[in-house]
Structures are given as structure tokens and as C-alpha cells.
2 protein chains.
Amino acid sequence: MIKVAVLGVGTVGSSVVKILEKNADIIQARCGKRIVPVIGVVRDMSKKRDIGIPLTDDIKSVINRDDIDIYIELMGGIEQAYSVVKEILSKGKSVVTANKALLAYHRYDLQKAAQKAKIGFEASVAGGIPVIKALREGLSANHITAIKGILNGTCNYILTKMMNEKASFKDVLKEAQELGYAEADPTFDIGGFDAAHKLLILASIAYGIEAKPEEILIEGIENIGNEDIYFAKEFEYVIKLIGIAKKKGDKVELRVHPSLIPQDEMIAKVNGVMNGVSLIGDFVGETMYYGAGAGGDATASAVVADLIDIAREGQSPMLGFKSPLEKAKLVIMPKDEVETKYYFRVKVKDEIGVLAKIAAVLELSQISIESFLQKTEAKKSDTTTLFFATHHCKEANVQKALKEIEKLPFVIDKTNMLRIEANT
Amino acid sequence: MIKVAVLGVGTVGSSVVKILEKNADIIQARCGKRIVPVIGVVRDMSKKRDIGIPLTDDIKSVINRDDIDIYIELMGGIEQAYSVVKEILSKGKSVVTANKALLAYHRYDLQKAAQKAKIGFEASVAGGIPVIKALREGLSANHITAIKGILNGTCNYILTKMMNEKASFKDVLKEAQELGYAEADPTFDIGGFDAAHKLLILASIAYGIEAKPEEILIEGIENIGNEDIYFAKEFEYVIKLIGIAKKKGDKVELRVHPSLIPQDEMIAKVNGVMNGVSLIGDFVGETMYYGAGAGGDATASAVVADLIDIAREGQSPMLGFKSPLEKAKLVIMPKDEVETKYYFRVKVKDEIGVLAKIAAVLELSQISIESFLQKTEAKKSDTTTLFFATHHCKEANVQKALKEIEKLPFVIDKTNMLRIEANT
């Protein structure tokens, strides 16, 4: 068993506790140990919280407990967090943090302090996307040619809305604030400072460079106007706030600013509150990582992954599980039971009653039509093609219907069936 | 020093040797050890190869060498590779492999055989994209709701071409063969079997399921016609060969087939020979990983990353480097030296000679114009807006030009400058 203390029980802290409870079995199968949150530290004990662990406002007593194995630092701020984390590391206890500001200023100090213990910080950049791991381990064979990151969901939400809806910066910012995507004082996000913190963390891993936020070029999105959007569209660009790191000789470019990006690049397609990071290596070429860059659950996913990494003690099991997944072993679903949406293309003689007969076959197989299109080529008016897209239905029923359709006398050629896969 | 043997010196093997030579210093900084390829094993000694290591066709002698620390299995095939890898593992030596067929059939046998040693196989799925690491470690806190992967570059190239150019399957296949994107006998790729091997590897890590290729639904792209493309476009879909794994209760859906995907989903935007894998977790939501899924250099990038992981002995350094990066320490590039393309929006009184005067300022600052647009609003014909996009130039020159433009008497409002960032 690994006992964990959560320092700071806000949105992310609560999600961490929730994941450790809800996914306890699979987490144990993956790391071979039970990871249990045993105490939370909060500033304000009077605030009501719906959380299944004891809480205290006495951080000193928690840091001094001998039975805690890993501390999760979610307090925010820089200097207090730094002294707390340093103290924990000095006791040989490991820390997982989501605190990008702490790392933007003290990552090299923390690396020195973490000689006897581990420090996990995957959650500090791009929330749930494991981009630190990708850069530090996945692309470790490469010299990194460039990093380009959409690292701030607030800015990306605002710019996406401005691109799509011709809305003004002011109006979209107000809307983002109402939706909770932007803070009451949005300077830290829209000014590019949050993205800069994250960029510096990535740049250290790529280049070993010890830059601080004050030393790099940072511009925000406040001055983007609808005329800029107009130009961008006209010349097939999108406008994104991008954090850029590039090595040129013995110098590293580090800058955060709104940029015009060709609209067919992968990173240009990252919209709304989502984050995306393009990492370009001298051998691997361009790779891109996409996902939720903020939010309690996504950020907590990265925090708990770091806990699991520490619990695995650097020995990640080959196929991901140290022990079988569940008491009931998983089996392959028989093909017939698969349920999805389907598409049929049926070529038929153009006769009266054709559609009615095919529709009847589909009805008999309990297949409900979502979209339908019929197309007759001008030059071949004796044949016509029917296209159906269905609602969700069972593979077995689809296979049955396909056989029935094949028997119909007016059907020419084999009917083509494809499956439709949508995230929702 | 870590000595490595390369079993199979084809495209990937040659790239591995090349990376270990060219990036030797940064690799050593990242893992604390020199990784040196000392011997290559080939089938045909008479074939000419431009490679800087000794070669032999006597695999037994190489397997029996005591001084080799890690073996890289790039022989291909299933049963011979299996017995070779098992023998190496039984000696307590680690193996890195890119052999997806081997893993599709023997991954659980290999996991058992790898008790005393490591087996790395990041290169077996999606080439250079570190998707195995993302799934096994990055998303380990999650139950995986679904995996959707574009796992075969040949199919994706063909389908992308068919979507974009209304070309027939046959013609595009022929072109792909001429370009080296498809084999002379393309069945393994276009029939979906290659993608199925990769899907099974991912499904094991997500669900611990021991399926074999024969047990799952596999359909290829041979029957996709231009009429299907027509329907897809009409209803805002793209057609992709997708490997799907989904858990429903105690059953796991495993299937590979062409699918209609809504065109606004991230995975729908993965085009050409590129691969993309969407991993959806119960807490993290959707994450997507994009990059080159094949090719010597990209695949070798993943092979070498596995070597580095093994050399790090599970202790990945916090910021990625065990020792300083290079003799010459990297420094931050001064802002003024940054070179990129730029965009200006200048609002001016609509007078004679305005454009000439601004163009002259740009020329004086050695800024060359790539695109230009002038727009006058119908209702405000006394003012006009000039938009410039430049070729590459220096930030210092741009800042100088901005100051000069500001001084011009006919300029209204502050000129807005944005940087243009393109991969090429």
C-alpha cells in the first residue's frame, strides 16, 4: 500500500481522490500496489467539501508524518510551494505536482533537491496529455528541432470563437469568463504567461536550458482584431497563441505569442479549449499530441499517472499490468454483438417500389435509417444508387439484412457496407 | 558503455546505427551511458551496405557473445524471431523489437520470458509515435473507453488520395506502389492485417486481453469506391481504415475496418502516410497522438528510445538529462535575433502615395513582402487597411520598421504585428 497526502484540495485535488477511489482496482493491477489518499490539506476548513478523506489545515503535521509515501502538491503559488516541496524531498519522500509556476522558476533547484526521491510533474504541462513523457522518453533519441505548443485553453477557446463566429475579443472573453474558461482577472492566461511557464518546462527537457519567464519574449492575444482574422482566413491561416522553442546553433529561441499558422498543419486543427503540442525531432519528424489541457479530471489523470510511475519504481510492466486486470477475465466480443452505425451503398435497377422493398428489409432487421440519399447518373438512367446511413444497430442484424438485400431481384452488384464511427 | 547488436540490418536497422552515431552525445547526456552498436546480423553477406559496424550472417555466434547488453530484433517473421528473442531473454539480456507480427502472436509468451530482462517494443505500433508509452504509462490512471487508430500508412495514403483527387482505388494503389508506400503484394497492408497486429498490442495494454489476429473482425479497403467517397463528402465524413478497441462490460470489441468518421474529429484530420491514434480515457477524455507510422528514421527513433529507457534503468532523470547537454552550454537567443515571417496590419488615411511610403520603410529595414492585401470598407472610404505578410526577416528589423511606420503622418491606430509560423 502507498499512502498519499493531497496538499490543496480544489478541483484537481478532488479529482485525484475520485480517480484513486473509482479506479483503485485497475490502478493496483497496473502498479502492483494500492494507492490510497489518506489526508488532504486545505487552507479554509470552514468551506464545505464532498470528499472521502480527512482534511486538516495543519500542513506541518502532514509533512512530518512518517507514514506518507508520496505528497501531491496542488497548493499553487511559487515560494511557499517551493519550500514545502523542498522540505518533503529532503526527507526522501516523493512529490507529484501540477504547479507550472513553481517549475518555471525552480525546476533546476528541485531537480537538485530530488536526488533521493522522485518528482513527477506531468500535470504541469498540457493537463492530461502525457507530453512530458513523450518528450523526455518517447523522443529521447532525437535532437528536438522545434516545439510548438497550444498550451493555454483559454486563449485557444477565445481565438477559435473569433475565427468561427466573427465575434470580438471583448465579447468572447466575457463569454469565456461566464463559462468558467477564463478567470475574472484573465491577464495570466491571455497575456501568454501561463503558456510561457509550460514552454520553459518543455524547453528544459528538450534542450537543458535554464530560462526564466522574464528572459523570454511573451506577447498576449489582447490585440487580435477581427481584421486580423479576416486576413488569416483570406490567406488560409489560423491564429493561435503558440509557445515556440527552437535550437539554432548554440542558441535557443523561446517565445510565446499569437501566430499565423497554415491551416493544414496538424496543430492548426486544435480548437476550442483543447491543447496540442507539436514536437519535431531530427529523426522522428513531426509528432503531435492532443487533448484536454485543463480541468480537474484531465489534470488529475496526469497526477495519478505520476503516482503510478513512482509506485512502479521504474519497472513498467511489459504489457502494462503487474497482475491480472480483474477477477472476471475479459473476453472478445463476438462479431455479431458489435453495435455501431452503418452505411450501405446499394445499386439497383430504377424500378417502381425498389425503395419500399429495401426499406422493408431494413425494418424487418430492426435497422432504423438516419440519412438517405439516392443518386442517378444522368447518362445511366436505368440504374440508380441508394445510400443509407443507419442509427445504432447490431452487426448480426446488418449481416442478415445484407443477405436479404442480395436476394432482391432488382439489386445489381454487391452491396457495399461500411461502419460509421463517431465519438458521440 | 552499452553494447548493442542489430539483428537485421535493413532500412530500420541502418537508421538505428545512424542515430546512435549522429546523436551519440545527446543520447549519452540523456541516459548517462554511451550506447554503441557493435555488430549487425544479416542474411545475405553479399549485399552491399553502407554501414559503419561489422556484419556477420552467423546469428548464433552473436547471441552467444557475453559482451552484448541489448539485442535489437529487426529480422521480421514470427517463429524464428520468437525463438531468437526467447533465447536472448533466457540469458537475461534485454531485447528491443519493432516486430508487430511477433507481438501479435507471442506477446504474452514474451512477457513471461522477460522476467529477468526487459523487452522494448515501442517501434512495433505507429512507428515513431510513443503511443505505447502514452497508453501504458501516460494514461495509466484511466479505464480506456476506446482506442481508435489510423495504424497503417499505406491505407491512409490511398484513402486520402481517393478523398482528395477522386482517383480510383486501383490507380492510387499503383501510384503508392511506385512511390514505395505500398508493397508489390499489398494484401497485408490493404487487407487490414498489419493494422490488426498493432491494434492487438494496444488492446493488451489497455485491457489485458490475449486476442490473436484470427479471432477479430478484419476488413480491408479493397471495396471502397468513388461513390462511397461521394457519400462521405456529402454527409461530412472521411473514410479511414481504423483499428478499434472498446470495452463493454466484460467484453472487448476488437475490429479493423474502413470507417466513416465525422470530418471534424481530430483523427479524421490525419492524412497521407501519417498515423494517428486516439486514446479515450474515463478521466482524461480524448487524447490523440500523431506522427510518422513507418519509415526507417521514425521507426528507429522509437527503437533507440527503448534502448535509452533500458539504459536509464527505469530512472528517467527529472528534466531529461543525466549530465549537461553539451560542452558549450546553450543560451537564450536574444529576441532581436529571432527570424521568422511576419504579418502587419496598418490602418491609414486613404491618400496618394501611402503604399509607396510604407513599402519604402519596409525596404529600408530589409523586409521583403510575400503577400499584400488592401481593404477599404464601403462605408469608410477615407481610411483603408493594408495587410502585409513578409518573407523571413529579423525581429530587430521588424521592430525598427514598426517604429518608422508609426511616425508616418497618415497612419491611424497602432500597427498590429503578428508572427507567421510554418513548419516549412
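Starting with the fewest neighbours, write out B:Met45, A:Met75 ranked by other beta-carbon atoms found within 10 Å of each beta-carbon.
Listing B:Met45, A:Met75 from fewest to most nearby Cβ atoms yields B:Met45, A:Met75.
How many partner chain Cβ atoms sit within 10 Å of a residue's Cβ in peptide A:319-325, on average, as a whole number?
Mean number of neighbouring Cβ atoms from other chains: 6.
Roughly what would the spin-label model give for B:Ser168 and A:Lys233, points 7 Å off Cα along C-beta, in nm?
4.0 nm
With Cβ to Cβ distances under 14 Å as the rule, what net charge do the other residues near A:Glu227 carry (K, R +1; D, E -1)?
Charge balance near A:Glu227 sits at +3.
So what's Rg/Rh here for chain A, counting alpha carbon atoms and using the Kirkwood radius for Rh?
1.08
Using only the alpha carbons of region A:55-113, what is the convex hull's orientation-averaged projected area in square nanometres?
Averaged projected area of region A:55-113's Cα convex hull equals 3.9 nm².
Test of understanding: what is the full-extension gain from A:Thr376 to A:Asn223, defined as 0.36 nm times their sequence separation minus their Cα-Cα distance?
49.9 nm
Let me know the Rg and Dmax you get for region A:211-255 when you use only its Cα atoms, in Å.
14.0, 39
Could you tell me the distance between the Cα centroids of region B:196-242 and region A:277-339, to the nearest Å?
Each part's Cα centre sits 21 Å from the other's.
So how long is each side of region B:2-124 along the principal axes, counting just the alpha-carbon atoms, biggest first, in Å?
Result, largest extent first: 37, 35, 26 Å.
Starting from the eigenvalues of the Cα gyration tensor, five times each then square-rooted, give me the equivalent ellipsoid semi-axes of the protein assembly as shown, largest first, whole Å.
Result for the protein assembly as shown: semi-axes of 41, 39, 30 Å.
What gaps in nm, shortest first, separate A:Asp25 from its twins in the other copies when you place the label 7 Å past Cα toward the beta carbon?
5.4
In the protein assembly as shown, what percentage of the DSSP-assigned beta bridges are antiparallel, given to the nearest 5?
The antiparallel fraction comes to roughly 70 percent.
Please get the size of the charge dipole for region A:104-201, origin at its Cα centre, with Cβ charges of +1 on Lys and Arg and -1 on Asp and Glu, quoted in debye to the nearest 20.
The calculation lands at about 520 debye.
Say a label goes 7 Å from Cα toward Cβ at B:Asn164 in every copy; what distances in nm does this one have to the rest, shortest first?
2.5
In region B:2-124, what is the count of Lys pairs whose alpha carbons are under 19 Å apart, counting only pairs at least 8 residues apart or on separate chains?
Close lysine pairs under the 19 Å cut-off: 29.
For B:Arg49, A:Arg65, what ranking results if the residue with the fewest other Cβ atoms within 10 Å of its Cβ goes first?
Listed from fewest to most nearby Cβ atoms, that is A:Arg65, B:Arg49.
Antiparallel versus total DSSP beta bridges in chain A: what percent is that, nearest 5?
Given both bridge residues lie in chain A, the antiparallel proportion sits at roughly 70 percent.
Measuring from a point 7 Å out along Cα→Cβ, what nm distances, shortest first, does B:Glu339 have to its partners in the other copies?
6.0
Which order do B:Ile190, B:Ile369 fall in if you start with the one that has the fewest other Cβ atoms within 10 Å?
B:Ile369, B:Ile190
Where does the charge balance sit around B:Ile216 when Lys and Arg score +1, Asp and Glu -1, over other residues with C-beta under 10 Å from its C-beta?
0
Taking the rotation that carries A onto B, look along its axis and tell me which residue of A has the beta carbon nearest to it, distance in whole angstrom.
It is A:Gly314, 1, counting Cβ atoms only.
Based solely on C-alpha atoms, express the radius of gyration and the Dmax of region B:335-420 in angstrom.
Rg and Dmax of region B:335-420, Cα atoms, are 12.5, 42 Å.
For the protein assembly as shown, build the charge dipole from Cβ charges (+1 Lys, Arg; -1 Asp, Glu) around the Cα centre, then report which of B:Ile39, A:Met333, B:Val331 sits farthest towards its positive end.
Towards the positive end, the residue furthest out is B:Ile39.
Roughly how many debye, to the nearest 20, is the charge dipole of region A:307-404 about its Cα centre, given +1 on each Lys and Arg Cβ, -1 on each Asp and Glu Cβ, and no other charges?
220 debye
Near A:Leu279, within a Cβ-to-Cβ distance under 10 Å, what is the net charge of the other residues, with Lys and Arg +1 and Asp and Glu -1?
Residues near A:Leu279 contribute 0 overall.
Tell me, rounded to the nearest percent, the portion of alpha carbon pairs in region A:131-292 spaced more than 25 Å apart.
The calculated P(r) of region A:131-292 puts 29 percent of pairs beyond 25 Å.
Angle check, please: helix A:193-207 long axis (alpha carbons) against the longest principal axis of chain A (alpha carbons), in degrees 0 to 90, nearest 10.
It works out to around 90 degrees.
Quick note: the coordinates plus some simple rules give every number you see, no bench work behind them. The structure displayed is predicted, hence computed values, not measured ones. Cβ coordinates were reconstructed from backbone atoms using ideal geometry, including for glycine residues, and neighbour counts include every protein chain displayed.
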